[in-house]
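Comments concern the structure below.
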Protein chains: 6
Amino acid sequence: MSDLLPLAEETLPALRTVSTATITTLLTRHGLRRAVVAGVRPCAPGDRLVGEAFTLRYIPAREDLDWTGTIDNLADAQRVAIERVPPGQVLVMDARGDISSGSLGAILATRLQFRGVAGVVTDGAVRDHAEIGALQMPVFCRAAHPGANKIIYHPQDFGLPIGCGGVAVFPGDVIVGDDDGAVVVPRHLANQVAVDGVEMERRERFIVERIRAGRSIVGTYPLNAEGLAEYERWKSGR
Amino acid sequence: MSDLLPLAEETLPALRTVSTATITTLLTRHGLRRAVVAGVRPCAPGDRLVGEAFTLRYIPAREDLDWTGTIDNLADAQRVAIERVPPGQVLVMDARGDISSGSLGAILATRLQFRGVAGVVTDGAVRDHAEIGALQMPVFCRAAHPGANKIIYHPQDFGLPIGCGGVAVFPGDVIVGDDDGAVVVPRHLANQVAVDGVEMERRERFIVERIRAGRSIVGTYPLNAEGLAEYERWKSGR
Amino acid sequence: MSDLLPLAEETLPALRTVSTATITTLLTRHGLRRAVVAGVRPCAPGDRLVGEAFTLRYIPAREDLDWTGTIDNLADAQRVAIERVPPGQVLVMDARGDISSGSLGAILATRLQFRGVAGVVTDGAVRDHAEIGALQMPVFCRAAHPGANKIIYHPQDFGLPIGCGGVAVFPGDVIVGDDDGAVVVPRHLANQVAVDGVEMERRERFIVERIRAGRSIVGTYPLNAEGLAEYERWKSGR
Amino acid sequence: MSDLLPLAEETLPALRTVSTATITTLLTRHGLRRAVVAGVRPCAPGDRLVGEAFTLRYIPAREDLDWTGTIDNLADAQRVAIERVPPGQVLVMDARGDISSGSLGAILATRLQFRGVAGVVTDGAVRDHAEIGALQMPVFCRAAHPGANKIIYHPQDFGLPIGCGGVAVFPGDVIVGDDDGAVVVPRHLANQVAVDGVEMERRERFIVERIRAGRSIVGTYPLNAEGLAEYERWKSGR
Amino acid sequence: MSDLLPLAEETLPALRTVSTATITTLLTRHGLRRAVVAGVRPCAPGDRLVGEAFTLRYIPAREDLDWTGTIDNLADAQRVAIERVPPGQVLVMDARGDISSGSLGAILATRLQFRGVAGVVTDGAVRDHAEIGALQMPVFCRAAHPGANKIIYHPQDFGLPIGCGGVAVFPGDVIVGDDDGAVVVPRHLANQVAVDGVEMERRERFIVERIRAGRSIVGTYPLNAEGLAEYERWKSGR
Amino acid sequence: MSDLLPLAEETLPALRTVSTATITTLLTRHGLRRAVVAGVRPCAPGDRLVGEAFTLRYIPAREDLDWTGTIDNLADAQRVAIERVPPGQVLVMDARGDISSGSLGAILATRLQFRGVAGVVTDGAVRDHAEIGALQMPVFCRAAHPGANKIIYHPQDFGLPIGCGGVAVFPGDVIVGDDDGAVVVPRHLANQVAVDGVEMERRERFIVERIRAGRSIVGTYPLNAEGLAEYERWKSGR
């Protein structure tokens, strides 16, 4: 991935302070409205997730390949990926939206946590949902299911562009997750979205303050010229 | 709405003590079995909602109308509705059951709370789900999604009869919500349902007491003649 | 049910310590991969459920049979089943996966609890979801809905093989439930699964300990010959 | 089934001339609005089906019972049912709405045709869809699928009340099917529905004639007093 | 509707020669990608539909309003709309995507045909599907169902903007349908789309001719500069 | 693909005479029950398809990559695949089961036909469905939709293992399609399935003949020892 655009040093820390709702809105300014991994939630409510995407791709299981009862940690794409995803990155699984078995369990999630991985997003289910929710590493999924991944998935490869929850994920894209779901920020937009996101969060705090104080949304949300001037004074006064 | 049937003063307070399960049962006595807004839950578990319906209707977004990046608080049907829904009423949104973006966000919900609105029901998703759950105003929805409403919806009009979660909602109908979902009480039935609901809740408390004490359901649920007599004594003894 | 294979005395207590994820894996060793009641969760997160299945079957409601407003506790299959399911067993309802009304309410659940029933699994919804979650008896369902069961179901019979959440359930099968869902252990496999499950849980605790201590999954999960020897020493040392 | 209400001799012949749309309307007069087997169509467009229901029930397959590769014609509920359904009756299968394999194939359908069975309704798929469509016996299903029934179904029993496509089917109910789908007429209503259906079809032919001649629907559909008088003259003049 | 933008005289005739696939592509040039009424097909394969939209809106039925067994042709919104939709226009029904009953039957469709209506689009089902398919007027729907519309729908109003199959339809928009489905052309784009559509169809005929003659898609689809020059000669030579 | 197991010369011709129902049954003998591309049908009913799989993979579209209005035949994975799929092979598209736009249109299908491609299977929709159905090349899809593929898909790569309709497809697997759907025969099983398929089809013709002549299924389907002997005589006598 040496040919990826570099991220500014402050981009990931900044995105940690920006909600997925704000990011989704900012992406529309770049023409992107299909950026959300549909229907995923953190196993532990309140968890936040930020990091670069490391992709893993499942295809449907084939009984003679996947129902053998054995696993080869050196050949199985899921197992290899788990040992290779770099610390600080997010393992994003293309589970094809299928929640009829688990795509990850607590033991492998514990290993990912130990390795310093930033978190996991899967558009499938996870098994050991409660244990995974108790880890210090955020895992976003669509459901809980006790089954093992080999029952319905064949781990095929990693490091390729994938789809996850109806959105394209390219290796190196930046993933942000919170209670509203997870959003994929194309890598070339990440620095800009981080800068704009911090500003937009600040402005929305100002707006919410005014709304709580009884202002109508008219003139306040969005801010009109007068409101913007007021905001600039508020901002410089902090 | 001056031509609406008046509600008895005690109707809304009484309905605050009646569960949606009880109301749903009472409505079947009037021949109504399609009264439930399917699949909605309060953002904050445990929240209860009671109030008259103020309706807002979305149709699918059209890119040249809705993907403009601007919003006119004086023309946009959602924004106008938010400033007009009377205090104590419930904003009911026909989001056509589509949860692929949010139909309401925290800033507008905060404004609704300030204005004294009783709560919100939408058959779509909301964004800023956690912030909305932290408000003092109950919001019932089908899911969380970080997207803004303009991505998939065009706010069309308000104050018209709508569908929400598979049930007809006429302006002035009474909405009641709890952890089981939300139910629509046609306005002309609200006074009766409130009276009957208080009585039925009382009777069910009596029944549950008996069941907890070891009575079989036979004779107790429903009460037979003997049980009813016992209930009348219990009631008068309180 | 006198002709059912006997369960070893320690089988149910043992299964209480085994997760549904482990059981699902063990069943694949017997060729079974369709053992999970899809999409059910405990009303009270964290609840665990173990017991033999007592089956109840719903078919779709017919208005002239089910929308009468009366109930005969001595003829209605649901009501009779509730008084007959033996203490310690699990009432498993075939609600045909339909969540458009409740298949059980708090009063009947309270009666089941009093009677010492081990718990309930339904592939439909329940009403009074919060009250049911507050009981001491675990209830697994797919959703909450305030409607009564007669609105969409006709309780037909009990004690027959049924389908529930896409899996066959024969009377006397052993049901185990936790936060990941519920799994059906065919009766003739229950003793073996219990024995193997206890061992597999112990081994996984050993593995997780090693993973937490920094071991790679290679050699550890699954254990290679060296790891197995280490495990045997660990086990005998406890 | 000796205790079933007798059908008038002319009931089934009469129902052969009545559309499912007409029957569905007539059933609403008896309070029944859930009478339609949802989503089924004849394998051969234009086919009509009339007969008493003989029910067959599938539950989900279990691998050790159903994936054995052998079949016992004397024990398998589907196979036994196929040899027992009386000539002139309709085999109605409760396939639980699952179309991920076929619930009937051409060889068994050929046997049913030879035995003089009136037809088949399944809320699952069929295999050999084209061959089945070429038979002289109408088969109504939801989809085509090449898989055998044992892949997903366990044939459990026959002759019991079942659900099919969301509607209750009791043995002896009368099934009518055409291009719009299939409808279940409760046995105790069949004679009345047949009589009323013939009359309603005639009246609708009169109405369509008038509509084709340019009459407004006002006064014609439904007929007002004048229209009814005209209809009576038209009827007696034929 | 006197304030609608006028359509050029040749617009509708031109659109009759343009496929929905071509129109969908042309609309993307105006930024519109949500223009297709999802999942509808003509009752009679091969039918084509062109005309201005006249909208009709259904909300969910309420039993006390809609299950009365009577119909008032002068008050029921569906019935009134059927007598008012102008000749040459298309009746577009917002049936909320619900196919669990019919939204139109053969008698009313026959009346629409007599009145010279251009056709019908509904995102629900129709009853009497075969008879409707035999009319000379194209009807596009999602499924067949024998039930009457009042079972699930309450006809609410007409002439308002609606949603149909996931797309906004404003009165006066131009509807085009063929075997691929139906597409909604916003009125202000209709003249342009008609002109461009005729040209694009011609160009695609040229391209298909070349492809059939063995040309690679490279240079041909899309046409490069040389191909375009060739096309211009071909066009002028006709 | 030079390292693929060779297919016997007679394998593909033999499979042309074997139904997907027969193949699906034969695959279960090898332990494979997930071999069917769910829900696809030929655009032209009656079409049969046989050939080796050439795979094409779509991921979800991203607006800045795919909504540009331009296409590069030398870089776009779909376009390149169309010029590279070898004559006699089947283009199998992983459209992720999404039917909200077309995954192939008539011009590209015409090019594939010219190039001698055996056919196409997509688990998405196609546009120009009627024109594609009129080609001499079989195309199997899940639905018709007028939209272009770039609206929802990003053609990512070709020649990799994919999922299609819930089943794994490896390049070189053999695809067979008929009116029941399409089935994927893993390459290493193709020769055996072809041989066994021809025999099984012959045996089923014998069985159907006997069933048509009035034999019970008992002893005939499956054949008992006597029936098998009779079959062997019948076979040798032809």
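The values are calculated or read from the model by the stated rules, or taken from the named source; none is laboratory data. Treat the numbers as computed from the prediction; the structure is a model and nothing was measured. Using ideal geometry, Cβ is built from the backbone for each residue, glycine included, and neighbour counts are taken over all protein chains shown.
List of remarks:
- Residue within segment C:228-236 that is surrounded by 15 or more Cβ atoms within 10 Å (Cβ to Cβ) and in a strand (DSSP E or B) present: no
- Members of segment A:51-67 that are in a loop (DSSP other than H, G, I, E, B) and either away from chain F (no Cβ under 14 Å) or in contact with a strand residue (DSSP E or B) (Cβ under 8 Å, 6 or more places away or on another chain) (or both): A:ALA61, A:ARG62
- Test for C:VAL18: is it in the same structural domain as C:ILE132 (by TED's automatic domain parsing) and out of contact with any Ser or Thr (no Cβ under 8 Å at 6 or more places or on another chain): no
- Scanning segment F:1-39 for residues that are assigned to a loop (DSSP other than H, G, I, E, B), within 19 Å of D:SER103 (Cβ to Cβ) and of a type outside the set (Ser, Thr, Tyr) returns F:ARG33, F:ARG34, F:ALA35, F:ALA38, F:GLY39.
- Per the conditions (1) under 19 Å from D:PRO86 (Cα atoms); (2) in contact with an Asp or Glu (Cβ under 7 Å, 6 or more places away or on another chain), the sole criterion not satisfied by D:PRO13 is (2).
- Any chance E:THR22 is over 23 Å from D:LEU27 (Cα atoms), surrounded by 17 or more Cβ atoms within 10 Å (Cβ to Cβ) and without any contact (Cβ under 8 Å) to a residue 60 or more places away in the chain: no
- Selection within segment C:202-221 - within 13 Å of chain A (Cβ to nearest Cβ) and surrounded by fewer than 17 Cβ atoms within 10 Å (Cβ to Cβ): C:ARG205, C:GLU209, C:ARG212, C:ALA213, C:GLY214, C:ARG215, C:SER216, C:VAL218, C:GLY219
Listed here are the residues, each with its yes/no results for (1) part of a loop (DSSP other than H, G, I, E, B); (2) within 14 Å of chain A (Cβ to nearest Cβ); (3) not charged (D, E, K, R).
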residue	(1), (2), (3)
B:LEU74	yes, yes, yes
B:GLU83	no, yes, no
B:PRO87	yes, yes, yes
B:LEU91	no, yes, yes
B:SER100	yes, yes, yes
B:LEU104	yes, yes, yes
B:LEU108	no, yes, yes
B:LEU112	no, yes, yes
B:VAL120	no, no, yes
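- Of the set (1) over 18 Å from the mean Cα position of the chain (by Cα); (2) of a type in the set (D, E, K, R); (3) modelled with pLDDT under 95, all apply to C:ARG34 but (1).
- Qualifying residue in segment B:83-96 (condition: touching a Pro at 6+ places or on another chain (Cβ under 9 Å) and at positive phi): yes
- Test: residue in segment B:169-191 that is buried (at least 22 other Cβ atoms within 10 Å of the Cβ), out of contact with any helix residue (DSSP H, G or I) (no Cβ under 9 Å at 6 or more places or on another chain), assigned to a loop (DSSP other than H, G, I, E, B) and of a type outside the set (Val, Ile, Thr): no
- Residue in segment B:130-137 that is touching a residue at least 24 places away in the same chain (Cβ under 8 Å) and either away from chain A (no Cβ under 13 Å) or touching a Cys at 6+ places or on another chain (Cβ under 6 Å) (or both) present: yes
Each row is one residue, and each column tells you yes or no for (1) without any contact (Cβ under 8 Å) to a residue 12 or more places away in the chain; (2) within 14 Å of chain E (Cβ to nearest Cβ); (3) on the phi > 0 side of the Ramachandran plot; (4) more than 11 Å from the chain's Cα centre (by Cα).
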{"position": "F:ASN149", "(1), (2), (3), (4)": "no, yes, no, yes"}
{"position": "F:ILE152", "(1), (2), (3), (4)": "no, yes, no, yes"}
{"position": "F:PRO155", "(1), (2), (3), (4)": "no, yes, no, yes"}
{"position": "F:LEU160", "(1), (2), (3), (4)": "no, no, no, yes"}
{"position": "F:GLY166", "(1), (2), (3), (4)": "no, no, yes, yes"}
{"position": "F:PHE170", "(1), (2), (3), (4)": "no, no, no, yes"}
{"position": "F:VAL174", "(1), (2), (3), (4)": "no, no, no, no"}
{"position": "F:ARG187", "(1), (2), (3), (4)": "no, no, no, yes"}
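- Flag: F:ARG127 does not match the condition of being buried (at least 21 other Cβ atoms within 10 Å of the Cβ), within 11 Å of chain E (Cβ to nearest Cβ) and farther than 25 Å from E:ARG34 by Cβ.
- So C:GLY31, is it surrounded by fewer than 18 Cβ atoms within 10 Å (Cβ to Cβ), at the interface with another protein chain (Cβ under 7 Å from one of its Cβ atoms) and under 30 Å from A:ILE152 (Cβ atoms): yes
- Condition met for D:THR70 (among the polar types (S, T, N, Q), at pLDDT below 95 and either assigned to a loop (DSSP other than H, G, I, E, B) or in the same structural domain as D:GLY172 (by TED's automatic domain parsing) (or both)): yes
- Pick from segment F:192-201, criterion surrounded by fewer than 24 Cβ atoms within 10 Å (Cβ to Cβ) and more than 14 Å from chain D (Cβ to nearest Cβ), ranking: farthest from F:LEU56 (Cα to Cα): F:GLU199
- Flag for C:ARG48 being surrounded by fewer than 18 Cβ atoms within 10 Å (Cβ to Cβ), touching a Pro at 6+ places or on another chain (Cβ under 7 Å) and within 11 Å of chain A (Cβ to nearest Cβ): yes
- Matching entry among C:ALA8, C:ALA109, C:ALA44 (being at pLDDT 95 or above, out of contact with any His (no Cβ under 9 Å at 6 or more places or on another chain), not polar (S, T, N, Q) and not assigned by TED's automatic domain parsing to the domain that holds C:ALA144): C:ALA8
- Residues of segment D:134-165 that turn out to be surrounded by fewer than 21 Cβ atoms within 10 Å (Cβ to Cβ), touching a Pro at 6+ places or on another chain (Cβ under 9 Å) and of a type in the set (Gly, Ala, Ser), as a count: 1
- Filtered residue count, segment B:199-227, keeping only those that are closer than 18 Å to B:THR22 by Cβ and in a helix (DSSP H, G or I): 13
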